[in-house]
Amino acid sequence: MSFVSAFRFRPCLAGVWGRYSRSDFLCDCQAGLTVGIVALPLAMAFAIASGLRPEAGIFTAIVGGLIVSVLGGSRVQIGGPAGAFIVVVYTIVSRHGVPFLLLATMAGGVLLFAMGMARIGNLIRYIPVAIIIGFTNGIAVLIGLSQVGDLLGLDGSKIPAEFFSKTVALAKALPETNPTSLLVGLVSLAIIAGWPKAAGRTGSGLLQSVARVPGTIIALVLATVVTAFLPLGIETIGSRFGGIPRALPGLMLPRVGLDMIGQLVGPAITIAMLGSIESLLCARVADTLTGTRHDPNQELMAQGIANFVAPLFGGFCVTGTIARTVTNIRSGAVSPIAGIVHAVVLLLIVLLAAPWAQHIPLATLAAILLYVAFNMGEWREFARLRRFSHNYKIILLATFTLTVVVDLTMAIEVGLLLACLFFATRMSSLTRVEHIAELSDRWSGATGVTVTVYRFSGSLFFGAVDKIEAILTGPALLSAIVVLDVAGMINLDSSGLAAIEGVHAALTKRSARLVVVGLSGQPASLFARSGFASRLGPSGLAASLDAFGLQLQTDVEQSPIPVASINASPER
């Protein structure tokens, strides 16, 4: 019943209507038109680089983008295909085929929705930044490397997917470079990179309006027109794929053999994890730019639905897209209506301008992705590594290397494992167990009872239990009473509790006594829930060292001989 009452499904769009105005609608339409045009070449390029047909990217942007805007938890986030998925999708397609990818995407969507229902959206932000930078830069390298073949006009079927094999194959194929393809690609790249600066120097009027058009669109249009009217002899969408259809496909269910179902788990988890990280990072960037706050759990549920539905219409992995979201914000978007308009614009382009798509040169799409990959990577972080700890360097470089050389799943798993190990080591180093010799000697001398006092500070967890266990090898070995001051204990896990229970059992075995002092907060709760507080009894717990000192003096005065005789002959 508590889970049902905690479940909340409220899209951001639902909170817009009460204060939505005509001027807001006009701003959203302008932003949606702009980002829709920007999304077209990116969607096709991402699909082709992933080993799919170009229309798969457009269908993903239309269906996935529409669902994310209608049901999402961010006001301005744009959903669709993303560069981060290229490596993952290409690997799945090359190993298992497109139907398996579609089914894996749907399974990943179910996991994403479950993550949102379980309200664990906030947990994604606990992934260390070193891992995020490492796999982002690694993906950028792989995206760039995957486009070299199309940029040079090489036969893509001869270039393998594995990193080292691909590098060797590209090096051997360099003599087969198509100069025209390379020229078209380099000119396109120059236009994409140089257009913002050149446009900034224009005057007013029509030129200023044209200057606001993104460089990717300028390069795409110019290259398409030139290729349509001049026999350049380079590969285009039409020569490789035969163009794109002028309508959305009908509803279709992916079909795979029952023997493949068991292989879905790994890819589905990868798609869900990468989709959640990418979309929530994008939403946080949007929050920073707009000053708003997104609902991470609602966003995950929307991403889950989008990833489940998009494959039914020929799409694939959907996530939040930083470049298109930033474009949406800078174009004046104020609500999810802009994302809906962006999806409608893409649909109209498919319906009206699909015949022109066959003339788009693959070298220009490669140039667009090379530019995206360059801007996607945080390359300055490599130069800044010397300023950070060895742990940070190892995590970032290991994640980056494994992403490039092995695969993204392994990279994230190893990165998280290293982060956990380093965190445990660091927390263990901050944990202290100190023998308070002065107080031990004073109490022992005043009462005639051998008392040893230890002060604990930090977190007692599985990585620090050796420090508690070491008590039995120190001065406490011959003590009648061992006092453990835990007022500075900030956290206790079950392994730490077991270690304290072990000390208590060892002391009890030789008729000595353990007294825990200053217990409070979470450690006190665990003591009570486990029943250990009851086993210690009132004599084994004290509120403070002063309170225990008074109680000790009272006990000795009432029965000095039995207490003092405890330390007569301890067992070894």
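The set of residues from segment 246-289 being under 24 Å from A118 (Cα atoms), open to solvent by 80 Å² or more (accessible area, probe 1.4 Å) and of a type outside the set (V, I, T) comprises just one member, R284. Listed by position, the helices (runs of 4 or more DSSP H) contained in segment 344-420 that have at least 2 residues being among the aliphatic types (A, V, I, L, M) are 362-376, 390-405.
Looking only at residues in segment 421-432 that are of a type outside the set (S, T, N, Q) and assigned to a helix (DSSP H, G or I), the one that is least open to solvent (accessible area, probe 1.4 Å) is A424.
Inclusion of A487 among residues that are open to solvent by 40 Å² or more (accessible area, probe 1.4 Å), touching a residue at least 24 places away in the same chain (Cβ under 8 Å), within 18 Å of V451 (Cβ to Cβ) and in contact with a Lys or Arg (Cβ under 9 Å, 6 or more places away or on another chain) is warranted.
Residue-wise test of (1) open to solvent by less than 10 Å² (accessible area, probe 1.4 Å); (2) free of Cβ contacts under 8 Å to residues at least 60 places away in the same chain; (3) of a type outside the set (G, A, S); (4) farther than 27 Å from V404 by Cα.
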residue: A14; (1), (2), (3), (4): no, yes, no, yes
residue: G18; (1), (2), (3), (4): no, yes, no, yes
residue: F25; (1), (2), (3), (4): no, no, yes, yes
residue: C29; (1), (2), (3), (4): no, no, yes, yes
residue: A39; (1), (2), (3), (4): yes, no, no, no
residue: I48; (1), (2), (3), (4): no, no, yes, no
residue: E55; (1), (2), (3), (4): no, no, yes, yes
residue: V88; (1), (2), (3), (4): no, no, yes, no
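No other residue among Q303, Q298 is among the polar types (S, T, N, Q), assigned to a helix (DSSP H, G or I), under 30 Å from L352 (Cα atoms) and out of contact with any Asp or Glu (no Cβ under 8 Å at 6 or more places or on another chain) apart from Q303. Take N391 and decide whether it is at pLDDT 90 or above and either open to solvent by 40 Å² or more (accessible area, probe 1.4 Å) or under 30 Å from Y90 (Cα atoms) (or both). Taking the combined requirement at face value, the residue satisfies it. Kindly evaluate Y126 against the criterion of being in contact with a Gly (Cβ under 6 Å, 6 or more places away or on another chain) and aromatic (F, W, Y). Criteria not met by Y126. Within segment 163-172, the set of residues being open to solvent by 50 Å² or more (accessible area, probe 1.4 Å) and in contact (Cβ under 8 Å) with a residue 24 or more places away in the chain comprises F164 only.
Which of the residues belonging to segment 150-181 are more than 14 Å from L362 (Cβ to Cβ) and hydrophobic (A, V, I, L, M, F, W, C)? Passing the criteria: A161, F163, F164, V168, A169, L170, A171, A173, L174. Residues that are without any contact (Cβ under 8 Å) to a residue 40 or more places away in the chain and open to solvent by 40 Å² or more (accessible area, probe 1.4 Å) within segment 507-517 comprise just one, T508. Count of segment 453-483 residues, restricted to those that are under 12 Å from L507 (Cα atoms) and assigned to a strand (DSSP E or B), is 3.
The selection criterion, being at pLDDT 90 or above, of a type in the set (A, V, I, L, M), farther than 19 Å from M427 by Cβ and outside any helix (DSSP H, G or I), does not hold for V503.
Taking the listed residues S544, S479, S495, S520, the one that is surrounded by fewer than 22 Cβ atoms within 10 Å (Cβ to Cβ) and more than 19 Å from T431 (Cα to Cα) is S544, with no other qualifying.
Yes/no per residue for (1) farther than 16 Å from A161 by Cβ; (2) surrounded by fewer than 24 Cβ atoms within 10 Å (Cβ to Cβ); (3) over 16 Å from the mean Cα position of the chain (by Cα):
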position: V70; (1), (2), (3): yes, yes, yes
position: L101; (1), (2), (3): no, no, yes
position: G116; (1), (2), (3): yes, no, no
position: I139; (1), (2), (3): no, no, no
position: V148; (1), (2), (3): no, yes, yes
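Is it the case that some residue within segment 300-320 is hydrophobic (A, V, I, L, M, F, W, C), at pLDDT 90 or above, closer than 10 Å to Q77 by Cα and open to solvent by 10 Å² or more (accessible area, probe 1.4 Å)? No, the conditions are met nowhere in segment 300-320.
Report, by residue number, each residue of segment 287-310 that is of a type in the set (G, A, S) and under 16 Å from the mean Cα position of the chain (by Cα).
We begin by selecting, within segment 287-310, every residue of a type in the set (G, A, S); these are 291, 302, 304, 306, 310.
Once the filter is applied, which keeps residues that are of a type in the set (G, A, S) and under 16 Å from the mean Cα position of the chain (by Cα), segment 287-310 yields only G304.
Among the numbered conditions (1) in a helix (DSSP H, G or I); (2) at pLDDT below 90, the only one that A524 does not meet is (2).
From the list P179, P160, P128, P175, the one residue that fits, being in contact with a Lys or Arg (Cβ under 6 Å, 6 or more places away or on another chain) and open to solvent by 30 Å² or more (accessible area, probe 1.4 Å), is P160.
Filtered by the rule that a residue be out of contact with any helix residue (DSSP H, G or I) (no Cβ under 8 Å at 6 or more places or on another chain) and in contact (Cβ under 8 Å) with a residue 12 or more places away in the chain, segment 472-484 gives G474, L477. Just wondering, is there one or more residues in segment 464-473 that are closer than 25 Å to L552 by Cα and open to solvent by 70 Å² or more (accessible area, probe 1.4 Å)? Yes.
The values are calculated or read from the model by the stated rules, or taken from the named source; none is laboratory data. Keep in mind the model is a prediction, meaning the values are calculated, not measured. Don't worry about glycine lacking a Cβ; one is built from the backbone with ideal geometry, like all the others, and counts go over all protein chains shown. SASA here: full protein model, heavy atoms, side chains in, ligands and nucleic acids out. Shrake-Rupley method; radii C 1.70, N 1.55, O 1.52, S 1.80 Å.
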